[in-house]
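We did not get these values from a lab; they are worked out from the coordinates using the rules stated. Source: prediction; values computed, not measured. Every residue, glycine as well, gets a Cβ built from its backbone with ideal geometry; the counts of neighbours run over all protein chains shown.
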Amino acid sequence: MSGRRGPINPLLEEAREYPFAVLERKRQAAEARGTRVINFGMGDPNEETPAFIREALRQAVPPRSRYPAAHGQAALRAACAAWARRRFAVTLDPERELLPVNGSKEGVFLLAQAVIDPRSPRRTIVIPSPFYPVYESGARFAGGAPHLLRMDLAHGFRPDLAAVPDEVWERTALLWLNYPHNPTGAVADDALYGTALDLARRHGFWVASDEAYAEIYFDQPPRSALEFGLENLVAFHTLSKRSAMTGYRSGFMAGDVRLMEALRRFRPNVGVATPDFIQSAAIAAWNDDAHVAEQRALYAAKREVVRGWMDACGYAIDASEATFYLWMRAPGGDDRALCDQLLERGVVVMPGSDLGPGGEGYCRWALVPTLEECREAVRRLEAAPVAR
C-alpha cells in the first residue's frame, strides 16, 4: 500500500499545457510520420550566430570555471548601457539602473515574484492579449491575479488603457507592455507609453516593457519605454533575436532604481546568472551594431518571400510592422483548422487562439527558417494550396 503523497503546486497539475510545447509535439509527430517539416512555429532563429560572437565565447572559456556574479560583469553592464545610449539616446547608470538576466524569459517570469506582496490586495497583473504566455504563467506562480486586456485591429493591437476602470488600477501591481509586439508585430506609439507610465505613477504600480524585438524592424526604429523616464518602469532587452543567440540566454533589464535595487537583492536567491564566458560573448554582441543590420536585411528577404505568397493568395495580413512575425488572418476565422492544413504540407505555424483572447482567427508565422527554407515552404504551398 502506498503512503500519503506529498503536495505539488496545483498549477503544475492543470490540464493546460504551454502552447509551444503542444506545437513542438505536433511537429515531432509529423516528422515521425515521414514529413520533412519547415518550422514557422516557435520564434527561435535558425541562422548562425555571427562568427565574431562565437569566437569571443571560445576565447573566454577558462580552464577553471567559477560561479558568476548574479549582477553580471561590470563590462557587460557597461556594454548594455552603451548600446541603450546609441540606440535610444537613453543614459543608464550601469551600477544602479541595469541588471543582466539569463535570457529575458527568466527575468520576465520572475518579475511578478519580486513585486507581488502576498499579504496585499494589490496582486493584479494586467496583460494585454494576445500575449507571450510567460507573462501569465509568471503572474500565476507568484500568486498574482492575471487581468487580460483584449486588443484588436481597431486599436492597432495596442491596449485601450483608458477603458480600464480606476478600481482595477488600484489593485494592480504590474502592467505588461510588449512592443514591437509578439505575436502581432504591431508597434507602440508615444501615446501608449506616455499613458501607461502616467497611470503607473498616479496609481502606484509598475510597468514592465518587454522589448525583445526592438532591433527587428523594417521602417522606422521602434522607440523604447525607457525614453519616457525610468520612474515606475522596467524594460527588458535580449540578444536572442537581435544577434541570433537564443541558446546563449543573455539579456538585461533596466529601469527604476528602487526596483533594480530590489531585483539585485532578489536574484542571488534564485541562483540565476549567465556564465562568464557567455557574458564575454554578450559584450562583443552588444558592442557591435553592424551584424544587427545584416540580421534585419535577412529577415526582410524572408518576409518578402513569405508575404509575397500570402498577398498572391489573397490572405489578409494585419499589424506585422516589425518583429519577424507575420500575423495572418485565417479565412473563415478557424485558425486551428488552417494550421492543421499547413501541417499536413509540412509547414508548422502557430494558431493565434493559443496566444490568448484576441488571437482567435489568426495564424502567427515566425520567419525563423532559412531563406531557402522559406522558398521551399512557398513552393510546397503553391503545389498543394490550402483553403482560402
Exercise. Trypsin sites (Lys or Arg not before Pro) within the stretch 1-45: which are DSSP loop residues with at most 14 other Cβ atoms inside 10 Å?
Worked result: Arg4, Arg5, Arg16, Arg33, Arg36
For this session: May I ask you to compute the full-extension gain from Ile8 to Glu55, defined as 0.36 nm times their residue separation minus their alpha-carbon distance, rounded to one decimal in nm?
Result: 12.6 nm
Seminar exercise, completed: Note on the stretch 51-288, DSSP bridge orientation, antiparallel percent to nearest 5 equals 35
Problem set entry | Among 104-114, 335-345, the order from most to least packed when residues are scored by Cβ within 10 Å on average | 104-114, 335-345
Seminar exercise, completed: What helix-only [θ] at 222 nm does the chain give? Using -39500 (n - 2.57) per DSSP H run of at least 4, over all residues, to the nearest 500, the answer is -12000 deg cm²/dmol
Exercise. Given labels modelled 7 Å from the Cα in the Cβ direction, how far is it in nm from Arg264 to Ala191?
Worked result: 3.9
Exercise. Got the relative contact order for the chain handy, in percent, Cα pairs under 8 Å and 6 or more residues apart?
Worked result: 24
Problem set entry | Mean separation of Cα contacts under 8 Å (6+ apart) over length of the stretch 138-232, as relative contact order % | 26
Problem set entry | Over the chain: Rg over Rh, Cα atoms, Kirkwood Rh | 0.97
For this session: Find the Cα radius of gyration of the stretch 100-150, compare it with 2.2 N^0.38 Å by division, and give the number to two decimals.
Result: 1.11
